[in-house]
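What follows is calculated from the coordinates using simple rules that are stated; it is not laboratory data. Treat the numbers as computed from the prediction; the structure is a model and nothing was measured. Methodologically, a virtual Cβ is constructed for each residue, glycine included, from the backbone with ideal geometry; neighbour enumeration extends over all protein chains shown.
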Amino acid sequence: METKLLSGALGAEIKGINLKDTSDKNIKKINDLLLEHKVIFFRDQIINAEEHKALAEKFGPLETHAYVKGLDDHPEIVRIIKAEDEQNQWGENWHSDVSYNAKPTKAVILKSIKIPPVGGDTCFSNMELAWETLDEEIKEKIKDKKAIHSSLGAEFFIESYKKMEGNKKRNYDEYSNEHPIVRTHPETGKKILFVNWTYTKEIIGMDKKESDEILKKIFEHQSRLELTCRFTWTENTVCIWDNRSVIHFAIADFYPGRGLGHERIMDRIAIEGDHPV
Ligand SMILES: [Fe+2]
């Protein structure tokens, strides 16, 4: 096995692991890598939908997305499509997936199907490191607080992407949940800064003005480049990220004359998480 670190902060590209092997031994190896690097990438993995699901199921029960419709044959697989002429793509600002759910996603396994020749990289930021390096005064103010995460941040997503379909079940209603701002990782015991620009709206038990100011500072801090890594996709790459301890940003750098004019397709499977504590 070969491990190439993507940055000093997090992320690794792994060679020499076959993702079709779902033996307990191989899954333990993958999970250990995931906990160590927080986001891991495996290039040239030709796996079909069943194999994608079989791999994901080893990490826990699969979830269906609150707002986005899955594939007809595989409702747990959301096909993320950016059309040739679209400049935006799903997930293009800092977030952790569905943090507005009572039990936000544990991990996501994303498989690249079609990748543009230029543009469409994804960035990840290490929220364990973000907590460690956060200003002490802010830490003191927020360490025992909770914040409201609202699904409203996601609402515009579905309607904006012409090749993606909403899941009519929820009828696009807004809902929200409260989570500790600093959560403890259930497997490593490490502290994690668990807020994000897209879904976190307010700190509970603080006046709105102070909450807005502190959240703004935190959002700036957690997106500092020295906390991040950036990955340039190739087709048939499988990415697994620990959605509890990273935030991510799908860069929509598709401009006329450069980057625009290409379709980008990803298949996403999410694994159920637990109540953040
Ligand atoms: Fe996402």
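Points to keep in mind about this one:
- Dipole size of the stretch 158-277 about its Cα centre, with +1 on Lys/Arg Cβ and -1 on Asp/Glu Cβ: approximately 180 debye, rounded to the nearest 20.
- Nearby aspartates and glutamates by direct alpha-carbon distance to Lys38 (threshold 14 angstrom, same-chain neighbours under 8 apart not counted): Glu13, Glu128, Glu187, Asp242
- Fluctuation leader among Asp24, Asp135, Asp212 - the chain, Gaussian network, Cα springs under 10 angstrom: Asp24
- With neighbours defined as other Cβ atoms within 10 Å of a residue's Cβ, the residues Lys4, Lys58 order from fewest to most as Lys4, Lys58.
- The gain in end-to-end length when the Ile204 to Lys20 segment is fully stretched comes to 61.8 nm, 0.36 nm per residue minus the alpha carbon separation.
- The calculated 222 nm mean residue ellipticity attributable to helices in the chain amounts to -6500 deg cm²/dmol, summing -39500 (n - 2.57) over DSSP H runs of n ≥ 4 and dividing by all residues.
- Summing charges over all other residues whose Cβ lies under 11 Å from the Cβ of Lys20, with Lys and Arg as +1 and Asp and Glu as -1, gives -3.
- Nearest-0.05 FRET efficiency for Thr184 and Glu213, computed from C-beta distance (R0 22 Å): 0.25
- What you get for the chain, charging only the Cβ of Lys and Arg (+1) and of Asp and Glu (-1), is a dipole of about 220 debye around the Cα centre.
- Inter-part distance where the stretch 195-251 and the stretch 98-114 are each reduced to a Cα centre, Å: 14 Å
- Ile265 versus Lys141: modelled label distance in nm, points set 7 Å from Cα along the beta carbon direction: 4.8 nm
- Between Thr64 and Asp173, residue separation times 0.36 nm minus the direct Cα-Cα distance comes to 37.6 nm.
- Note on the stretch 79-207: the alpha carbon radius of gyration divided by the globular reference 2.2 N^0.38 Å gives 1.19.
- Cα convex hull, the chain: 125 Å³ per residue, rounded to a whole number.
- The residue among Ile46, Gly259, Leu6 whose Cα reaches farthest toward the positive pole of the charge dipole of the stretch 2-271, with charges on the beta-carbon of Lys, Arg, Asp and Glu, is Ile46.
- Nearest-0.05 FRET efficiency for Lys28 and Glu235, computed from C-beta distance (R0 30 Å): 0.60
- Set Lys82/Lys111; Lys4/Lys111; Lys25/Lys190 screened for pairs whose C-alpha atoms are more than 21 Å apart: Lys25/Lys190
- Ser160 versus Asp274: modelled label distance in nm, points set 7 Å from Cα along the beta carbon direction: 3.4 nm
- The residues Leu225, Leu129, Leu33, when put in order of fewest to most other Cβ atoms within 10 Å, stand as Leu225, Leu33, Leu129.
- At full extension, Glu2 and Glu226 could sit 78.2 nm farther apart than now, given 0.36 nm per residue minus the alpha carbon distance.
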